Amino acid sequence: MNRGCPDFQATALLSRRSLLRVGSLGLAGLSLPNVLRAASDPSKSYRPATAKNVIFLHQFGGPSHIDTFDMKPDAPEGIRGEFSPIASTVPGVNVTEHLPRFAQVMDKVAQIRSVHHRMKNHNSASYYSLTGHAPPLDDIRLRDTLELFPSYGSVVAKLRPSDDPAVPSYVSYPHVMRDGSVTPGQHASFLGKPYDPFFIGQDPNEPSFRLPELDLPESTPLSRLDDRRGLLELIDRQAQLLEYDATARGIDDFYGRALSMLASPRVKGAFDLSQEPDDLRDRYGRTTYGQSCLLARRLVETGVRFVTVYFSRSIGGNGSNGWDTHQDNFNDLKNRLLPITDQTVPTLIQDLDARGLLDETLIVWMGEFGRGPKIGDRDGKGRNHWPSCYTVLFAGGGTTGGAVYGSSDRIGGYPAIDPVPLESIAATMYHALGIDPETEVSDRLNRPLAIASQRPITEIFS
């Protein structure tokens, strides 16, 4: 099993550079006829941030980069796998044969193929991928505490809240991720409860999907909300005699936000998927993931700033839904995971594009790590956890469609060019939203902490 990232000595003499879809290049076994190598110049002027919203698609369990977007058909048999590559809309950029619809939208997708970190356990690696900050230890027993960093959406909710107070800044659904215990990094942590996600624990694919917390009893007129606000203000005045702690204040803020949402037909309408044509719902896929991604489009259309869609509540394997393909990597991918992905994600990209929303909406598709190059884990059919090198996808939000930044080595095991620390993924998301990644927030001890500790990958932006 891999024990961490190497020193990348083979690339020590290479200057930092990116691969953008404009010219031609063949390097390290990667042939990209329409890709240009461009030098990373910090003084270069980049396109101003255009993203207003983020849809963060988290693939719990760790998708195999080698069997999806960074295939190695020339690698030895025990590494390259069972799938064949097919051409995409970007010349020289191939994807697996089991993602034919995805192949048709790769001209709208930017890839980073050299992401790496050291966390091998799902809970610690997922916390890292949900916050952009390394956990204090790599242990499945890692628990959520107020000392850990808040989720991306919570940071965005604090620094770039929704324009309409009735619209939640941060929404997450439909699962709470767990690997034994609840995975940390899904909440606001030390930022406080006002920046927690508005969490939806229901399945958007169920015919009965609704949000009872957004419904008043039929006998309750909207004017009663003002009375509730008046009561809350009275309680607040009485509470001046006491010392409210941060938790109590957070609950009050959350209650006030809920009241605003109750009175907003715009917010209630966003959650009503029955307003969408049946044929569009069919294109997204009548699955939990498919309808969750359709809901994400409706939410950003309404003004929600950050939406997190969790693919599954568990890591996977043995009949569950996640991407942890230890037991039967190729059958799990071919029969379960890739068909859902291939139906839903390209539809989301195309739908946003058709509505003129893609340039202002950044889609991020990633797991907590990739899968190991060597086939043979668990009865010879699986791939193991692999944080040393994997692929993250971006679409929209001002990114350059067809861009490929960084590359892995000939077996997909380690970065060969432009290693990208996971912290840079966080910085790239904030950059897309026009938030300076060096912005600081304060923890419970009032210590200033930067929201990201590495530079954004600005080379993937036009």
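The values are calculated or read from the model by the stated rules, or taken from the named source; none is laboratory data. Note that the coordinates shown come from a computational prediction; the quantities given were computed from them, not determined experimentally. Cβ coordinates were reconstructed from backbone atoms using ideal geometry, including for glycine residues, and neighbour counts include every protein chain displayed. Ligands, DNA and RNA are stripped out before the accessible areas are found, and what is left, the full protein with its side chains, is counted by its heavy atoms. Shrake-Rupley method; radii C 1.70, N 1.55, O 1.52, S 1.80 Å.
For region 352-379, the tally of residues that are assigned to a loop (DSSP other than H, G, I, E, B), more than 22 Å from Arg305 (Cβ to Cβ) and of a type outside the set (Asp, Glu) stands at 6. Note on region 348-393: among residues that are of a type in the set (S, T, N, Q) and under 20 Å from Val93 (Cβ atoms), the one that is surrounded by the most Cβ atoms within 10 Å (Cβ to Cβ) is Thr391. Please list, ordered by first then second residue, the pairs with beta carbon atoms under 6 Å, 6 or more apart or interchain, first in region 332-350 and in contact (Cβ under 8 Å) with a residue 40 or more places away in the chain, second open to solvent by 10 Å² or more (accessible area, probe 1.4 Å) and outside any helix (DSSP H, G or I). Partner pairs satisfying both residue conditions: Lys334/His98; Leu338/His98; Ile340/Thr287.
When the test is whether a residue is on the phi < 0 side of the Ramachandran plot, modelled with pLDDT of 95 or more and among the charged types (D, E, K, R), Asp359 passes it.
Every condition in (1) in a loop (DSSP other than H, G, I, E, B); (2) open to solvent by less than 20 Å² (accessible area, probe 1.4 Å) is met by Ser424 except one, and the failing one is (1). For beta carbons closer than 7 Å, sequence separation of 6+ or different chains, a first residue in region 443-460 that is under 17 Å from Met429 (Cα atoms) and without any contact (Cβ under 8 Å) to a residue 60 or more places away in the chain and a second that is acidic (Asp, Glu) and assigned to a loop (DSSP other than H, G, I, E, B), the qualifying pairs are Ala450/Glu438.
If only residues of region 432-442 that are within 23 Å of Asp418 (Cβ to Cβ) and either without any contact (Cβ under 8 Å) to a residue 60 or more places away in the chain or among the basic types (Lys, Arg) (or both) are counted, the one that is least open to solvent (accessible area, probe 1.4 Å) is Pro437.
For every residue, the table says whether it meets (1) aliphatic (A, V, I, L, M); (2) under 22 Å from Arg266 (Cβ atoms); (3) assigned to a loop (DSSP other than H, G, I, E, B); (4) open to solvent by less than 20 Å² (accessible area, probe 1.4 Å).
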| position | (1), (2), (3), (4) |
| --- | --- |
| Asp139 | no, no, yes, no |
| Glu147 | no, no, yes, no |
| Ser154 | no, no, no, yes |
| Val171 | yes, yes, no, yes |
| Phe190 | no, no, no, no |
| Pro207 | no, no, yes, no |
| Arg210 | no, yes, yes, no |
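Residues of region 274-321 that are surrounded by 18 or more Cβ atoms within 10 Å (Cβ to Cβ), among the aliphatic types (A, V, I, L, M) and in a helix (DSSP H, G or I): Leu294, Leu295, Ala296, Leu299, Val300. When each of Pro456, Pro387 is tested for being touching a Ser or Thr at 6+ places or on another chain (Cβ under 7 Å) and under 19 Å from Ala134 (Cβ atoms), the lone residue that passes is Pro456.
A Cβ distance below 7 Å, combined with a sequence gap of six or more or placement on separate chains, defines the contacts here; from region 400-414, residues that are farther than 15 Å from Val93 by Cα reach residues that are open to solvent by less than 10 Å² (accessible area, probe 1.4 Å) and hydroxyl-bearing (Ser, Thr, Tyr) in the pairs Gly413/Ser388; Tyr414/Ser388; Tyr414/Ser408.
Considering region 259-291 alone, what residues qualify as being in contact with a strand residue (DSSP E or B) (Cβ under 9 Å, 6 or more places away or on another chain) and at pLDDT below 95? The answer is Met261, and nothing else.
Gly401 - would you say it is more than 21 Å from Pro73 (Cβ to Cβ), at pLDDT 95 or above, assigned to a loop (DSSP other than H, G, I, E, B) and not hydrophobic (A, V, I, L, M, F, W, C)? The answer is yes for Gly401. If only residues of region 90-109 that are assigned to a loop (DSSP other than H, G, I, E, B) and surrounded by 18 or more Cβ atoms within 10 Å (Cβ to Cβ) are counted, the one that is farthest from the chain's Cα centre (by Cα) is Gly92.
Of all residues in region 445-462, count the ones that are among the charged types (D, E, K, R) and farther than 17 Å from Val420 by Cα. Residues meeting the conditions: 1. Across region 75-89, the number of residues qualifying as open to solvent by less than 40 Å² (accessible area, probe 1.4 Å) and without any contact (Cβ under 8 Å) to a residue 12 or more places away in the chain comes to 0.
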